[in-house]
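Note sheet for the following structure.
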Amino acid sequence: MSDLPAAAPALPPPSQRESWTRNKFIFFVAFAFAVHLVLLFVFGTKKQALPRAVERVPHLQLADRADAFIAFSDPTLFARPNAHDLVTAFWRRSPAVAQPDFDWTEAPRYLPPVPQNFGALFREFLRVSQPAEFALSLKPEPRLTAPVAADDAMPRTTTMRITGELAQRRLLTSVALPSLPWNDVIAGSKVQVLVDTAGNVASVVLLPPDSELEAAGSAEIGDSNALAIARSLRFAPAPRLMFGEVIFNWHTVPLMSTNEPRR
């Protein structure tokens with residue numbers, strides 16, 4: 001029997017524990033309310049201490065815009081009229097102007113129209129500024145011109161012409177321009193040449209025809225002769241390279257027929 005644990009103390013019923021806690025809470029609330037009332041009665045009727053009067057204390061006061069020191073701080077004080085100067089005060093007092101004491105009672109008198117003077121000024125203007133007379137030539141007479149017939153439309157000899165800045169240099173070689181054997185007209189040939197400082201032709205380039213008509217009339221015999229003659233040219237020395245164009249107008253002679261006549 002001695003080995004059994006001791007029995008735990010008995011607890012009060014739950015209803016008794018809750019009622020004791022509620023009673024204690026109500027007591028503490030009532031005690032705090034009573035203490036608060038006591039403090040209000042004790043410290044509520046106490047008078048506050050008044051501040052001691054202090055003499056000779058500086059007071060700040062804002063100056064208005066009419067103050068003289070404020071006017072001196074204006075940067076435009078002497079640049080524009082001031083409301084307090086003598087001239088402004090004089091002009092502000094405008095003189096009283098008395099109204100005229102009369103009453104116009106006469107009826108208006110209008111000028112009567114004069115029919116004979118209507119348009120007189122315009123007629124005088126037309127008489128003074130008469131325009132000059134000129135003859136109208138709406139259909140002038142046609143001027144008849146007769147066509148000028150050329151003696152010979154075909155070139156009689158082959159010609160050569162140099163254009164561009166190369167035309168300023170003197171040509172040193174004398175060129176014999178041949179007449180090409182061809183049974184038809186040959187279009188001209190244009191060759192662009194580059195001449196060095198010594199006067200020798202350094203480069204030749206055959207230029208294309210300017211139109212389709214020239215392209216149809218060109219021939220290989222004319223272009224090959226133009227390149228050969230252009231390479232053989234020699235000019236006077238110059239301080240720099242120069243470009244130019246050499247234009248050939250070919251003269252043609254008919255080919256000799258080698259066929260024997262038929263019997």
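The values are calculated or read from the model by the stated rules, or taken from the named source; none is laboratory data. Note that the structure is predicted; figures quoted are calculated from it, not measured. Using ideal geometry, Cβ is built from the backbone for each residue, glycine included, and neighbour counts are taken over all protein chains shown.
The table for this structure:
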item: Any hit, segment 163-171, residues being part of a helix (DSSP H, G or I), at pLDDT 80 or above, polar (S, T, N, Q) and under 30 Å from ILE186 (Cβ atoms); result: yes
item: Residue check, ALA96 at pLDDT 70 or above, of a type in the set (A, V, I, L, M, F, W, C) and not in a helix (DSSP H, G or I); result: yes
item: Those residues of segment 204-224 which are within 16 Å of ALA176 (Cα to Cα) and either touching a strand residue (DSSP E or B) at 6+ places or on another chain (Cβ under 7 Å) or among the aromatic types (Phe, Trp, Tyr) (or both), in sequence order; result: GLY222
item: In segment 199-212, the residues that are under 49 Å from the mean Cα position of the chain (by Cα) and hydrophobic (A, V, I, L, M, F, W, C); result: VAL204, VAL205, LEU206, LEU207
item: Residue tally, condition part of a strand (DSSP E or B) and surrounded by 12 or more Cβ atoms within 10 Å (Cβ to Cβ), over segment 216-257; result: 11
item: Inter-residue pairs, beta-carbon under 8 Å, first closer than 24 Å to PRO237 by Cα and in segment 153-182, second at pLDDT 85 or above and acidic (Asp, Glu), 6+ apart; result: ILE162/GLU245; THR163/GLU245; GLY164/GLU245; LEU166/GLU245
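Quick grid of which residues meet (1) hydroxyl-bearing (Ser, Thr, Tyr); (2) under 50 Å from the mean Cα position of the chain (by Cα); (3) assigned to a helix (DSSP H, G or I):
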site: ASN183; (1), (2), (3): no, no, no
site: VAL193; (1), (2), (3): no, yes, no
site: THR197; (1), (2), (3): yes, yes, no
site: GLU214; (1), (2), (3): no, yes, yes
